[in-house]
Amino acid sequence: MPVESGSSAAARQAKQKRKSHSLSIRRTNSTEQDRSGLQRDMIEGQDSKLPLSLRSNLLDLFSQIEREFENLYIENLELRREIDTLNDRLAAEGQTFEGADLAKGALKTKASHSTSQLSQKLKTTYKASTSKIVSSFKATTSRAVCQLIREYVGHRDGIWDISVTRSQPVVLGTASADHTAMLWSIETGKCLLKYMGHQGSVNSIKFHPTEQVALTASGDQTAHIWRYLVQLPTPQPYHHLLCALLVYNSLLLRQQQTPCEDDVDFSDKDEADGEVEGPNDCPSVRVPTTTLRSHQGVVIAADWLVGGKQVVTASWDRAANLYDVETSELVHSLTGHDQELTHCCTHPTQRLVVTSSRDTTFRLWDFRDPSIHSVNVFQGHTDTVTSAVFTVGDNVVSGSDDRTVKVWDLKNMRSPIATIRTDSAVNRISVSVNQKIIALPHDNRQVRLFDMSGVRLARLPRSNRQGHRRMVCCSAWCEDNTSCNLFTCGFDRQAIGWNINIPALLQEK
């Protein structure tokens, strides 16, 4: 028998492949036609509410989609064959010139180079996109000095609010769930006076701008205005040294008694704590000078308007009320919030009020024009707005349970000028007038300090030896020249006085 040459055999095989491929295409086309005809017959035999013409159009469209996917699949197979051919050719060239090992090394080098370029590109892209998100965690070269100076212990339940007088004598005020409010000597930590006129939890305390008058809000649905007369104790020689020694001894004793306190949740330690004995020799006031009674729910906060002739209260009845102090009459009822109010604050120099609510908004009320008052609603948070406070300038700072704090410009409050993102819900915040530092008390027992641009400055020390052991509810700055310039209170039944020293270079960053 004659023997075919290699070239003729290859040509014959290629011809047979082309023939079989054309036959398969014809067979496929005929199959598609038969399939479409069969599907049309099946559609005509099925019960459907769609018109027959619409069903036929749908069938044609799905057939076109199927053909497009088949074409894409065929193109994918062809591309794979070309890639395999190129890989084989590259491997053959590597074996010819550099050997198998060198070819593999070259391929590895090329792959690693391309991978490094891609990695660098991804790093650059994600670094640029996340720099805005983590702006509140910027590193700083200088360090703030935060020192615990004094503890104020005497309440029998958690402390909701803390405030410092704006006139002489400078004293510290605390409002507690034990139905009392207390006034303290900042320098000695001694209780100067206890107010016992409320029948429910005292949720807020604020002092008159110029007189020795306090305003408290309570869960008994009232707000009380009461006068106090205190005399600060005379500082003794080496008093600061003795106080520091006493604090150190108490911290050392606590460390010896509870060496593993950081590993235990303090919320489960009520039995170990026992009852805290209040100061027995502290004078008390039981009758207010004025009682404000217009709310139908818990009064959660209250504050004095500039001048001290009017006060505003915020309640769980979804309203804020404006009262005249002299007559105790209701001047305005500020309604509009959809859920309970959580806080209210007044501007230090203008007739402006800001109210916060569980409806995720805070509202700015303008009483500068006596004939009409305007209101603006701001929806910058996604959870309860726990507090919103004014600064001396034209800013409002709001904190929320959504773990963010936002700084707003009163001239353009469409969007915040700075956003601080944290790892825990934020409670009642405060802003330092002189240093423009925001103090953030958290549910997770931490207190953090930020500047107005959102840069973190410091975190107050907290361990089993010092700091709060439960939720920190509120913070308050003291602008007078005292040993403590920041105060915090929490549900561990104590208030703490801190000395915060922020370097000037750190504040300018």
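For Phe390, the shell of other residues with beta-carbons less than 13 Å away shows a net charge of -2, using +1 for Lys and Arg and -1 for Asp and Glu. When the C-alpha to C-alpha distance is required to be over 28 Å, the pairs from Lys194/Lys309; Lys194/Lys436; Lys194/Lys406 that qualify are Lys194/Lys436; Lys194/Lys406. Computed from the Cα positions only, the extents of the stretch 360-443 along the three principal axes stand at 44, 30, 19 Å, in decreasing order. Based on protein heavy atoms only, the stretch 299-350 ends up with 40 Å² per residue of surface accessible to a 1.4 Å probe. Working note: Karplus 6.51/-1.76/1.60 with θ = phi - 60° gives the stretch 319-335 the couplings 10, 10, 10, 10, 10, 8, 5, 5, 9, 6, 7, 7, 8, 9, 10, 8, 10 Hz, where Gly and Pro are set to x. In the context of the full set of protein chains, the stretch 357-398 has a per residue accessible area of 44 Å² (1.4 Å probe).
3J(HN,Hα) couplings calculated from phi for the stretch 64-72 with the Karplus curve 6.51 cos²θ - 1.76 cosθ + 1.60 (θ = phi - 60°) are, in sequence order, 5, 4, 5, 5, 4, 5, 5, 5, 4 Hz; Gly and Pro show x.
The values are calculated or read from the model by the stated rules, or taken from the named source; none is laboratory data. Fair warning: this is a prediction, and the values are worked out from it, not measured in the lab. Virtual Cβ from ideal backbone geometry, glycine too; neighbours counted across all protein chains shown. We work out accessible area using only protein heavy atoms, side chains counted, and drop any ligands, DNA or RNA first. Shrake-Rupley method; radii C 1.70, N 1.55, O 1.52, S 1.80 Å.
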